[in-house]
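Participant: Structure incoming, see below.
The values are calculated or read from the model by the stated rules, or taken from the named source; none is laboratory data. Everything quoted here is computed from the prediction, not taken from an experiment. Here the Cβ positions follow ideal geometry from the backbone for every residue, glycine too, while neighbour counts run over all protein chains shown.
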Amino acid sequence: MRFIEWLDDRLQIKSMLKDLFDHPVPKRKLSFLDFLGFATAFSFFNQAFTGLLLATVYKPSAKEAYASIQGIQNNPLEHFIRSLHFWGANFMVVLIFLHILRVFFVSAYKKPRELTWLVGGVLLIGTLGLAFTGYLLPWDQQAYWATTVGTAIAGYMPVIGHYLVSLARDGSNVTGLTLTRFYAVHMLLLPALILAAFGVHFFLVLRQGMSFTEEVAKAKREGGQVRGGTEPFWPNTVWKMMLFVSLVGVALWVLALRFPAGLGHAADPLNKSQYIPEPVWYFFSIYQLLKYFPGKLDVIGTVGLPLVFIVVLFGLPFFDRNLSRKVKKRPFALGTAGIVVVAIIALTYIGYQSVPKAVASTGVKAHPSFSGDILPVLQSSCASCHGSSGGLTVTSYDGIMHTGDDKPVVIPGHPTSSLLVQKLLGTVQPQMPLGQNPLSKDQIQNIENWIKDGAKNN
């Protein structure tokens with residue numbers, strides 16, 4: 001007891017706990033959405049704990065990483081821990097986005113909580129970085145090519161794009177050096193950043209209180225009563241918070257048990273298994289945006305719009321001069337946010353759906369048909385960029401027969417002179433499909449044979 005008193009005399013723990021737990025909150029305003037921040041913190045500590053356990057058996061080198069993950073997969077307990085870590089990353093990304101949307105909706109970013117919002121923005125960026133760098137560590141095909149596509153996006157930044165890609169990959173390509181760099185950032189730099197930001201965030205919440213307590217403070221200053229009454233934060237609200245966090249934990253465990261983390265084929269820089277490169281799911285919106293800004297305009301989708309998002313994210317408390325916190329008096333801010341959220345969800349879905357599916361080679365045919373042999377291959381490998389609108393399209397015979405700016409895309413009877421074949425072979429750069437594995441020799445030979453036969457619409 002004397003030690004506790006001695007410690008409290010120096011750290012003021014009792015007064016801090018009193019400020020944290022001993023205050024009333026309005027009954028009618030409480031909902032589980034108010035506890036999204038605590039659920040996000042729970043997800044982070046789940047990641048920290050399971051990540052430390054996995055680090056004891058993981059080997060961060062190109063030669064040993066995949067084999068060490070295979071060893072984890074073969075051990076039931078270690079596999080479950082990895083599954084918790086895998087699903088925890090997805091939970092953390094989703095929960096922090098929902099938490100930020102909730103804070104925006106209730107205007108909890110306004111005075112005096114501007115700093116709390118800014119630190120929350122740091123936590124969001126750190127969380128995305130943590131998820132992205134961790135994605136490479138299994139060193140399988142999906143991880144390798146998702147990282148290749150993700151890091152390539154930085155290359156669209158004017159002037160410094162090449163240097164950003166080199167900095168991220170520790171070279172021009174994704175190699176074992178990239179893996180080591182990502183592991184260091186994932187295990188040391190980003191957790192330290194998130195932990196520090198979380199500490200500041202918690203301190204600010206402790207000092208300023210949660211936004212739903214403002215009505216009680218206002219009623220106390222004015223000598224009035226809170227409509228609907230109040231209840232003690234401890235134990236009533238704390239139990240609700242613990243219940244919500246427990247439900248999140250149960251959902252995490254159920255998903256980890258029901259859908260354990262998988263492992264694909266070992267990373268192959270030559271992509272010999274015909275793996276279709278695609279980004280991590282939370283970058284699908286940028287992946288899709290790139291398709292709407294062809295050529296030199298791609299910098300708008302990959303750099304311009306994300307940069308605007310970051311500026312608005314951190315500048316929101318200072319840009320928004322509307323003093324009202326009521327929903328009905330903030331139509332422009334809430335309407336704009338709603339459009340952005342719907343757009344991100346739609347782009348993510350469209351981007352996911354547009355990822356081409358691998359088409360297995362069926363051998364060379366002397367007289368291939370357009371509808372049965374050529375169109376499925378082109379739609380699978382090319383439709384994600386050359387879809388149903390703008391420039392060359394591959395969704396119909398007329399689209400494929402479209403004449404290019406310099407030369408015909410297809411010259412019936414002359415495959416080697418056709419721009420389509422030249423692009424697929426890489427004799428005319430850039431080689432197509434852009435950013436994907438080249439078509440197999442059999443698939444290209446079938447296209448050549450089809451053109452040689454007269455490029456018929458059969």
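Participant: Considering each residue of the range 60-78, count those that are among the acidic types (Asp, Glu) and surrounded by 15 or more Cβ atoms within 10 Å (Cβ to Cβ), and give that number.
Facilitator: Restricting attention to the range 60-78, the residues satisfying the condition of being among the acidic types (Asp, Glu) are 64, 78.
The next check asks that each one be surrounded by 15 or more Cβ atoms within 10 Å (Cβ to Cβ); those that pass are 78.
So the count comes out to 1.
Participant: Residues to consider are Leu53, Leu33; find the one that is in the same structural domain as Ala192 (by TED's automatic domain parsing) and closer than 18 Å to Ala256 by Cβ.
Facilitator: Exactly one of Leu53, Leu33 is in the same structural domain as Ala192 (by TED's automatic domain parsing) and closer than 18 Å to Ala256 by Cβ, namely Leu53.
Participant: Hey, does the range 298-310 have a residue that's of a type in the set (D, E, K, R) and more than 17 Å from Val106 (Cα to Cα)?
Facilitator: Narrowing the range 298-310 to residues of a type in the set (D, E, K, R): 298.
The next check asks that each one be more than 17 Å from Val106 (Cα to Cα); those that pass are 298.
Yes, there is a match, as at least one residue in the range 298-310 is of a type in the set (D, E, K, R) and more than 17 Å from Val106 (Cα to Cα).
Participant: Let me ask something additional. Of the residues Phe42, Phe86, Phe97, which is under 23 Å from the mean Cα position of the chain (by Cα), within 24 Å of Gly335 (Cα to Cα) and in contact (Cβ under 8 Å) with a residue 24 or more places away in the chain?
Facilitator: Answer to the check: Phe97.
Participant: Could you say which residue among Ala131, Ala196 is surrounded by 20 or more Cβ atoms within 10 Å (Cβ to Cβ) and either part of a helix (DSSP H, G or I) or polar (S, T, N, Q) (or both)?
Facilitator: Ala131
Participant: May I pose another question? Check every one of the helices (runs of 4 or more DSSP H) wholly within the range 277-388 and list those with 1 or more residues that are at pLDDT 75 or above, under 19 Å from the mean Cα position of the chain (by Cα) and not assigned by TED's automatic domain parsing to the domain that holds Gly399.
Facilitator: Details: elements: 284-292, 305-319, 331-353, 375-382.
Per the criteria, 284-292, 305-319, 331-353.
Participant: Could you please let me know if Ile153 is part of a helix (DSSP H, G or I), modelled with pLDDT under 90, aliphatic (A, V, I, L, M) and under 24 Å from Leu290 (Cβ atoms)? Walk me through how you get there before you give the answer.
Facilitator: Numbers: part of a helix (DSSP H, G or I): yes; modelled with pLDDT under 90: yes; aliphatic (A, V, I, L, M): yes; under 24 Å from Leu290 (Cβ atoms): yes.
Spelling it out, Ile153 is indeed part of a helix (DSSP H, G or I), modelled with pLDDT under 90, aliphatic (A, V, I, L, M) and under 24 Å from Leu290 (Cβ atoms).
Participant: Name the residue, out of Thr116, Thr127, that is assigned by TED's automatic domain parsing to the domain that holds Val250 and over 26 Å from Val327 (Cα atoms).
Facilitator: Exactly one residue qualifies, and that residue is Thr127.
Participant: Does Leu137 meet the test of being outside any helix (DSSP H, G or I), of a type in the set (A, V, I, L, M, F, W, C) and crowded, with 18+ Cβ neighbours inside 10 Å?
Facilitator: So Leu137 fits the description; yes.
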